[in-house]
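J.: The structure that follows is given in the form of C-alpha cells.
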Amino acid sequence: MITDGEQTVAESGAIIEYLLACYGEGRCQPGAGDTRGWVDYRYWLHYAEGSLMPLLVMQLVFGQLPKQSPWLIKPIARGIHKTVNQRFLAPQLARHMAMIEAYLAEHGQFASSWPSGADIQMSFPLQALSMTRPLDDYPAIAAFIQRIEADAAWQRVVERAGPLSLPG
C-alpha cells in the first residue's frame with residue numbers, strides 16, 4: 001500500500017500502474033500504438049498476482065503447517081503438506097514455470113520496454129521461486145532474474161532494504 005498526497009493505493013499491480021501513470025513519463029510501459037506490447041504488459045502485470053502468487057502463498061502456508069502444528073499432529077500436518085504439494089502445488093508451478101520459460105526464451109522480458117512494470121511485477125515471484133528450487137531447467141527465467149538483479153534500480157533497493165529473503 002502506498003500513500004501519495006491524499007491518494008492511497010493498494011495492490012501491487014494497481015500501485016505500479018498508478019506510479020507509472022503519475023510519474024513514469026512514458027517509461028516502463030509500452031508506447032502508444034504498441035498494441036501487442038500493451039496486451040503482453042497488462043497480462044504479465046496482472047498474472048503475477050492473480051495466477052502465480054496464489055500458488056506461492058499456498059506453498060508457503062502449507063510449508064508452515066508442519067512447523068506450526070502441535071507435536072501430536074505434526075505427522076498428519078506433514079502428510080497434508082506432502083500430499084497437497086505433490087498432487088497440486090508442484091505440478092501447477094511446473095506448468096506455470098514452463099509457460100514463463102517459453103515466453104522469456106522467445107522475448108527475454110515481459111513487455112516491449114525494459115524494465116516494464118510487468119517485469120518489475122514478475123520479478124518478485126520469480127526471485128522467490130529461484131530461492132526455493134534450482135532453475136537448471138529454466139535458463140530463460142534464470143537469465144531474467146540475473147538481469148533484474150543487475151539493474152541499477154534493483155541494486156538501490158537492495159542497498160536501502162537489504163537482500164530479498166523469504167519467511168523461514
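J.: Starting at the first residue of the stretch 75-90, write each ³J(HN,Hα) from the Karplus equation 6.51 cos²θ - 1.76 cosθ + 1.60 with θ = phi - 60°, in whole Hz, x for Gly and Pro.
T.: x, 5, 4, 4, x, 4, 4, 4, 5, 4, 5, 5, 8, 10, 5, 4
J.: Next question, about the same structure. At a 10 Å Cβ-Cβ cut-off, how would you order Ile16, Ile73, fewest neighbours first?
T.: Sorted ascending by nearby Cβ count, the order is Ile73, Ile16.
J.: How many angstrom separate the Cα center of the stretch 98-135 from the Cα center of the stretch 9-42?
T.: 17
J.: Once you keep just the Cα pairs under 8 angstrom separated by 6 or more residues, what percentage relative contact order results for the stretch 2-161?
T.: Details: 129 pairs, mean separation 44.3, N = 160.
RCO, the stretch 2-161: 28 percent.
J.: Okay, next question. Only Lys, Arg, Asp and Glu count, each charged at its Cβ (+1, +1, -1, -1), so figure out the dipole size of the chain about its Cα centre, rounded to 20 debye. Don't skip to the answer; put the middle values down first.
T.: On the way: 13 positive and 16 negative charges, 195 e Å.
The dipole magnitude comes to about 940 debye.
J.: GluC sites (Glu not before Pro), restricted to the stretch 1-85: which are DSSP loop and have at most 13 other Cβ atoms within 10 Å?
T.: Passing sites in the stretch 1-85 are Glu6, Glu11, Glu25.
J.: Using +1 at the C-beta of Lys and Arg and -1 at the C-beta of Asp and Glu, which of Tyr47, Leu65, Gly26 has the Cα lying farthest in the positive direction of the dipole of the stretch 2-161?
T.: It is Leu65.
J.: When Lys and Arg each count +1 and Asp and Glu each count -1, what net charge do the other residues less than 15 Å away from Pro66, Cβ to Cβ, add up to? Spell out each step's value before the answer.
T.: Working: positive: Lys67, Lys74, Arg78, Lys82; negative: none.
Combined, the nearby Lys, Arg, Asp and Glu give +4.
J.: Per DSSP helix of 4 or more residues, -39500 (n - 2.57); summed, then divided by the residues of the chain. What does that give at 222 nm, rounded to the nearest 500?
T.: Values: 8 runs with 108 residues, N = 168.
When only DSSP H runs of four or more count, the value is -20500 deg cm²/dmol.
Throughout, read-outs are computed from the coordinates displayed, never taken from laboratory work. Everything quoted here is computed from the prediction, not taken from an experiment. Reconstructed Cβ throughout: ideal geometry from the backbone, glycine too, with neighbour counts over all protein chains shown.
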